[in-house]
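Report on the structure given below.
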Amino acid sequence: MTTSVRREPTFVGMPPFPEAAHKELANGVQRANLRKATHTIRAKREAVVEELPDWELLRRAGEAIKDDVLARLPELLERLEASVRAAGGIVHWARDADEANAIVVAVARAKGVDEVIKVKSMVTEEIELNNALADAGIHAWETDLAQLIVQLGEDLPSHILVPAIHRNRAQIREIFLREMGRFGRPAPAHMSDEPAALAAAARRHLREKFLRAEVAVSGGNFAIADTGTVCVVESEGNGRMCLTLPKTLITVLGVEKLLPTWSDLEVFLQLLPRSSTGERMNPYTSMWTGVTPGDGPQEFHLILLDNGRSDVLSDPTGRQALRCIRCSACLNVCPVYERTGGHAYGSVYPGPIGAILTPQLRGIAKHPVDAQTASLPFASSLCGACFDACPVRIDIPDVLLHLRAQVVDGGRGPHDRAEAAGMKAVQWAFEKPWRIGLAQHVAGMGSRFARHGVIGRLPLPEKLLPRKVTGPLGEWFTDRDAPAPPPESFRSWYKRTDGGTEA
Ligand code: SF4
């Protein structure tokens, strides 16, 4: 290889969601592209889901299996490790992105290569593997068509399943004509923007890379603890090429991708294609177990990645996000995503799942996070369409509210503390009847400060008040009038008049 290794753009430094969304909303072409694409996938999904009378039972089975995996994760991971080793694979453990990237770079260097081919994988985008490889002087060639469009266009992905969903045919043609020749076989000069012509150009461009690559990198949709089998589903056949042609295969797997047994896979191979591409089954389902002599890669590395997942697991409400099978059904039904697109979320995980997964992976509950991360749980109208569409029944609105509370609690200022103190005082008063009576008596004294039936300032003598009321309650009394409490409470009146009989 002679071309220079190009670093790719990242989401680092993106503005908070409202600011980013405001900018994206001004892009009329993108909104039209998104609307057309999401509505098309949505209609296909609905049609194939309606075919299955047991769809709701399948959803509940998927939820139960994933919850069981999360409850037994350490045990199942050790079982997977033993199974993969027994089948001739090499297992690595990575606490974070840096460790995972270092392992991939070390394996590639050990093989003496300056390029790897890649199967589209969310987890390698999460850890920014391509830039880690670029820093080591190694090209990472994306082979999924949409991912190739993003990479050649020096763009950012905007959808889990269709990363270039924000691009139309004319834009893709222009990117191919401009960029393909810089990194391999150029696109034909007179290529049209017909999908078949664009796909043919990509196929010819990628073929030479498939045929010469010595090392491939993939993610994994599922890994079966009992047997050590890893499963990748895809639509184009590029994944099958990556998983079978090179001599060395490196798979980076989020630890939550486990399934206990083969029979569990049956459930997910029905749920996933219907929810993602609106198909009854994936065109390509590739599975491999360790190494098979004389067949496929002869060296297999499995990197088990945590990168914040253990922290997510420790939150009883938030952990359901780890059930996610990255189908993107929640994106396709989300009214917010449809209008803003994926870039506004500032993460490789856009849409509703991104709004709950990204803040948790970045540690929103453990330490102060940046304004962009803190804005994500608010990037939703809470309409609930995402929960209805989710094949593993992740209650995204519930987790959003849970995370919003954490953001608010984490950023409490003097006003919030005053409100919290007030609520504590109310709680104290309501715990015992005599305390309520006392509180009402004190409140009744406030009527002395009322004029025309309302309290328009702090109930303090005039001479003690500054010209402009400031402090925790200042804004309240600047902008609002509180009704004056009656001079005597109902309880006091009832007691004094014996229920009104002496009135
Ligand atoms: S949250 Fe549910 S609907 Fe959204 S990508 Fe994950 S599995 Fe699919």
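Within the chain, what percent of beta bridges assigned by DSSP are antiparallel, to the nearest 5? Intermediate values should be presented prior to the final figure.
Values: 13 of 37 bridges.
Of the beta bridges lying entirely in the chain, close to 35 percent run antiparallel.
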Sequence-distant lysines (8 or more away, or on other chains) whose Cα lies within less than 20 Å of LYS495: LYS432
Exposure proxy ranking, count of Cβ atoms within 10 Å, fewest first, for SER275, SER83, SER492, SER310: SER310, SER492, SER83, SER275
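Within 10 Å of each residue's Cβ, count the other Cβ atoms and sort LEU25, LEU313 from fewest upward. Working shown, then result.
Working: LEU25 14, LEU313 20.
Taking fewest neighbouring Cβ atoms as first place, the list is LEU25, LEU313.
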Over the stretch 26-309, relative contact order from alpha-carbon pairs under 8 Å, at least 6 apart, %: 28
Pair GLU78, ALA371: separation of 7 Å Cα→Cβ label points (nm): 4.7
Label point distance in nm, PHE430-ASP67, each placed 7 Å from Cα along Cα→Cβ: 3.0
For the stretch 26-309, the fraction of alpha-carbon pairs in successive 10 Å shells from zero, as %: 6, 26, 34, 24, 8, 0
In degrees, nearest ten, helix 433-445 long axis to first principal axis of the chain (Cα): 70
Residues ILE65, ILE165, sorted so that the one with the fewest Cβ neighbours within 10 Å comes first: ILE65, ILE165
Out-of-range pairs (alpha-carbon distance over 30 Å; input LYS111/LYS257; LYS111/LYS366; LYS66/LYS120; LYS120/LYS247; LYS23/LYS118): LYS111/LYS366; LYS23/LYS118
Mean Cα-pair separation over length for the chain, i.e. relative contact order, pairs under 8 Å, 6 or more apart, %: 19
Cβ-Cβ FRET estimate between TYR284 and ASP398, R0 fixed at 30 Å, reported to 0.05: 0.30
Free-standing Cys, the chain [no other Cys Cβ under 4.7 Å]: CYS231, CYS242, CYS324, CYS327, CYS334, CYS383, CYS390
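Throughout, read-outs are computed from the coordinates displayed, never taken from laboratory work. This one's a predicted model, so the numbers in the text were calculated from it and none came from an experiment. Note: ideal-geometry Cβ built from the backbone for every residue, glycine included; neighbour counts use all protein chains shown.
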